[in-house]
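The values are calculated or read from the model by the stated rules, or taken from the named source; none is laboratory data. As the structure is a computational prediction, the values presented were derived from the model and not from experiment. All Cβ positions, even for glycine, are placed from backbone atoms using ideal geometry, and neighbour counts span all protein chains on display. The accessibility values were calculated without ligands, DNA or RNA, using every heavy atom of the protein model including side chains. Shrake-Rupley method; radii C 1.70, N 1.55, O 1.52, S 1.80 Å.
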Amino acid sequence: MVDLTTNYLGLKLAHPLVPSASPLSKDLDSARRLEDAGAAAIVMSSLFEEKIEAEQQQMERFFYGQGIGYGEAESFHPVPDQILTYQEQYLEHLQRLKSSLSIPVIASLNGISQGGWIEYGQALQQAGADALELNIYHLAANADESSETVENRYLDILRELKSRVSLPLTLKLGPQFSSPIHFAQRLEAAGADGIAIFNRFYQPDIDLETLEVVPKLQLSTQAEALLRIRWTALLYGRVKMSLAVTGGFHHSADVIKALLAGADVVHLCSVLLAQGVGKLGEIRAELEQWLIEHEYDSVSQLKGSVSQQHAIDPSAYERANYIHVLDSYTPSAGVLR
């Protein structure tokens, strides 16, 4: 038997395949199906501070503004006792997942204020989350904001939250930091237990008929995995915290490459949405078979063996690869016609 276990955020998981935040974790039945399919843990969809604030403002307008213009109603503001707020529903769902599943449940938080990160992070800990993923979805579009300021935003949130909760904390990072390894080391020094690379920042589109900027959600493609694999290989051995990859992992080959590069877990999302939760079991079986065929005893033996530090040609992860790729490409005959 091959040992597929891996350690992630201080949690011992049965294997490295962890469904990431998606609609599949919003429903208890689909979460159970993920566990039945063999998920080692699940990441909940994010709790958004913006949605909490928007709901509070709407409630204030509806309940406390209903007497405006009616003098006799100014002191009568009934608030239905049975209405659960968005935050209450999320926390209740987390508690149901914890009581119904035997695998770890990782909560996800997307805040917009320092106080919000603290308040809701503490609430998620009290509700029973096994770990907390910080989904700091910050787009650096302010011309007056330096790269150091952007990084410090993440570090300030991490340090403050680390001082208030005891949960393992992992940060979901975007791919656009100017020096990812240096930043990862700063995060580790500030107390991060792990990072997930890379967050998929969905891009808006332009409607050519209305000229409006419109939201557009596209599932990941397999090509996106290579960016994650490369930076995992560069990070492995330079930080001790857990490394997760997310975005573009659709086949067992992608998963194996990520583990060879040094990932502790591989997050799956788009492939499960497109092909069903049963795909997780297929990938796990193919991973195990590959390990057997290549005479590996465990995932731990495999992990990081083709990182930059252990690769036959370490320079292949850096500029040399760029030159080789350009030199190796030959246009097809049809292009030259």
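Worth a mention:
- Sequence of ASP29, ASP130 from largest to smallest accessible area, 1.4 Å probe: ASP29, ASP130
- ARG164 - accessible surface, heavy atoms, 1.4 Å probe, Å² rounded to 10: 120
- Pairwise FRET efficiency - HIS182 versus GLN301, Cβ, R0 = 30 Å, nearest 0.05: 0.50
- Overall form of the range 273-319 per C-alpha gyration tensor (a/c, 1.5; a/b vs b/c): oblate
- Point-charge dipole on Cβ atoms (K/R +1, D/E -1) for the chain, about Cα centre, debye to 20: 880
- Chain lengthening between GLU50 and ALA190 when straightened (0.36 nm per residue, less Cα-Cα): 47.8 nm
- Acute angle (nearest 10 degrees) that the helix 278-293 long axis makes with the longest principal axis of the chain, alpha-carbon atoms: 30
- Excluding same-chain neighbours fewer than eight residues apart, the aspartates and glutamates reachable from LYS98 by a Cα-Cα span under 18 Å are ASP27, ASP29, GLU35, ASP36, GLU88, ASP130, GLU133.
- For HIS182, solvent-accessible area (1.4 Å; no DNA, RNA or ligand), Å²: 100
- Only one of (i) 1.54; (ii) 1.13; (iii) 0.95 was calculated from the structure for Cα Rg over 2.2 N^0.38 Å, and its label is (ii).
- Cα long-axis angle, helix 180-189 against the chain (0 to 90 degrees, to the nearest 10): 60
- Using alpha-carbon coordinates, inclination of helix 147-162 to the longest axis of the chain, degrees: 70
- The region of the chain that goes longest without hitting one of the chymotrypsin sites (Phe, Trp or Tyr not before Pro) in a DSSP loop, each with at most 13 other Cβ atoms within 10 Å, is 203-328.
- Spatially proximal lysines relative to LYS162 (Cα-Cα < 16 Å; intrachain offsets below 8 disregarded): LYS172
- Residues of the range 100-126 with amide N under 17 Å of a point placed 7 Å along Cα→Cβ from ASN142: 111-117
- Residues of type lysines that LYS257 reaches as a straight line, Cα spacing below 17 Å, ignoring anything fewer than 8 places off in the same chain: LYS303
- The range 170-214 residues near the modelled LEU227 label - backbone nitrogen below 11 Å, point 7 Å along Cα→Cβ: 174-177, 198-203
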